[in-house]
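The values are calculated or read from the model by the stated rules, or taken from the named source; none is laboratory data. Quick caveat, the model's predicted, so the values are computed rather than measured. Cβ: placed from backbone, ideal geometry, glycine included. Neighbour counts: every protein chain shown. Side chains included, ligands, DNA and RNA excluded: accessible areas come from the protein's heavy atoms. Shrake-Rupley method; radii C 1.70, N 1.55, O 1.52, S 1.80 Å.
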Amino acid sequence: MDSEQRRKRKQQGRIYRPACAKLLLVRSLTVCLSFLVFLLFISSDRLPIRRDGSFHPVLRTSTMSLLPAFLTGGGGGGVSQYQNLVVEGRVLLPDHLVLIVSSKLTPPTDNLDCVYYDNMLERVVLKPVISVDGYHQQLKSIVRCHLPPLNFSASVNLRGRGRSGDVVVERREWLLWLNQSVVPSWNKVVYEAVLDSNGYTSNVVVFAKGLNLRPHREADARKFRCHFSLTDFDQGLFVFNTRAIAAAQEVFRCLLPPSILNNLDKAKDIRVSVSRVDYNVEGADGAPLPSVAKVQIINSHEHKSNTGKYELCACTMLWNQASFLREWIIYHAWLGVERWFIYDNNSDDEVQEVIDELNLHKYNITRHAWPWVKTQEAGFSHCALRAKHECKWLGFFDVDEFFYFPHGRGRYKPGPNSLRALVKKYSDSPKIAELRTVCHSYGPSGLTSPPSKGVTVGYTCRLEAPERHKSVVRPELLHTTLLNAVHHFKLRDGYKYLNVRESKVLVNHYKYQVWDSFKAKFFRRVSTYVTNWQEDHNKGSKDRAPGLGTEATEPPDWRLRFCEVWDTGLKHFVMANLADSTSGFLPWERSLA
């Protein structure tokens, strides 16, 4: 009997002890392989060595790339574009999970599933992806997955359908290793990084959540440091550190390591993080934030001389506003906007279809997937970096905001390209870097359904006093922090803004529309520092609907609210200048196809 018990114990030992040993072996092999690949690259002509011993990182590695095919969508029977799928990073947002994929996924993607593993690695759940988007100039992809079920890991993978047989969880040690990786939550993560080069200096601009800097103020850059790595930071391999030279809100500007600075093309896809340091106490550095950010080189092939740039561009961030986009773009293109940057904050309507249709008619629009919720200020900073290589002037305003040039008897009558002509007067100014215009907020104007001819013609009653302002800036002359309050930016020292007279130009803000339109807007806000309407604080803010509270319940008198002055100026201007003389149709009333 004793002999039989000893035999069973030996069998149990064979079952459990090798799993730990295998896991240790796999981790050791991962580190060794990474080091060997690194040595291979520094010995090749793709990674030049300087005589002082520093090197130029070029390799984009990810520990996910070492996973077996059954975890990354490869293998027999799979869909071809998923065979080399590599998930570079994951972030837990409040209502879904974002996966960053290293390659572009082309439609259709309805045969792609998110793969969830329970924490004991005994069960697998497959769910269809929520959506797929192009990312980083369409070279990569964003895949949105549902949040993991209770007691399931956030280390979610992707799998193309079409495989034969059931889903089988094999190689337990691989899954154990995968589930030990950190999946950052949205309140603490580095989420974007952009190389900023102007021909004289080059550094990296890093976007991070979790350091909680005060809104609308510049921070002490000495308190922060950037970290550059060829791998995830929890691996601790090949890390460089540099100091921050500017910091504000969620944006940090850092020096580049010398080995990257001397060969900027090698900066692409180097992973970056940020940490807080105490410069008064030696060695008191904090740990780098979790990071999914790899250095992006944007518009490197589109740098233009000042004479070759567009005179006027526009940037906006939107969520589910496809129905307003056509009118907003066609009208402002008539006023002279030549280039459009649309930052799409997780829309699930037909934004891309509308943009594709407009681009067929040469409207020059770029849609940029921006999955990061409540980061409008950071998104505008990112847009300014992109646009400065192409645009002399860049306007920041929403798709319910329309520039208007009032005119009276005996005064100059504005026409096509009026907005472009206005900014062009100051393009060579040695002092003016921003033009500001006041906003008038319009109400439902007695309507109960969306106006068929668009907001510029349908809404004609507004509040008497203007609210805030909108700005058009010279992006090359913004402060190094890229600090902004959505409505305006901080400018470089020596430059100032100009308040344009209301009698010359203003903005009609169709803020409070018919209830169904307003209720959709009520759902959430994109600005970092503006409270969502459902939250029970800051009820007196101008960013909220006065008297509405926190419930999206239509007040009985909604259609008559915010109506103090009847103003039909823009309505008559639009009908006189843009309506078809025969049919009376406006260009956005019908399809352009």
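Cβ-Cβ distances below 8 Å connect the following pairs, each with a first residue in region 497-517 that is over 21 Å from LEU570 (Cα atoms), a second residue that is assigned to a loop (DSSP other than H, G, I, E, B) and open to solvent by 20 Å² or more (accessible area, probe 1.4 Å), and a separation of six or more residues or different chains: TYR497/HIS488; LEU498/TYR426; TRP515/THR448; TRP515/GLU554; ASP516/SER449; ASP516/PRO450. Here is the figure for region 365-376: residues that are modelled with pLDDT under 95 and either touching a Ser or Thr at 6+ places or on another chain (Cβ under 9 Å) or of a type in the set (S, T, N, Q) (or both) total 3. Taking each residue of region 125-147 that is more than 22 Å from ALA387 (Cβ to Cβ) and looking for partners that are among the small types (Gly, Ala, Ser) and open to solvent by less than 70 Å² (accessible area, probe 1.4 Å) with beta-carbon atoms closer than 7 Å, six or more apart or interchain, yields VAL132/SER141; SER141/SER103; SER141/GLY134; ARG144/SER131. Residue-level analysis places ALA465 outside the set of residues that are surrounded by fewer than 19 Cβ atoms within 10 Å (Cβ to Cβ), among the small types (Gly, Ala, Ser) and part of a helix (DSSP H, G or I). For TRP186, the conditions (1) out of contact with any strand residue (DSSP E or B) (no Cβ under 7 Å at 6 or more places or on another chain); (2) of a type in the set (Phe, Trp, Tyr); (3) over 17 Å from ARG492 (Cα atoms) are fulfilled apart from (1). Considering SER273, SER300, SER259, the condition of being hydroxyl-bearing (Ser, Thr, Tyr), modelled with pLDDT of 90 or more and over 30 Å from PHE573 (Cβ atoms) is satisfied by SER273 alone.
Within the set LEU548, LEU570, LEU586, the sole residue that is at pLDDT 95 or above and in a loop (DSSP other than H, G, I, E, B) turns out to be LEU586. Within region 439-454, the set of residues being hydrophobic (A, V, I, L, M, F, W, C) and either open to solvent by 10 Å² or more (accessible area, probe 1.4 Å) or more than 32 Å from the chain's Cα centre (by Cα) (or both) comprises LEU447 only. Please work out if ARG501 is assigned to a helix (DSSP H, G or I) and of a type in the set (Lys, Arg). Answer is no for this residue.
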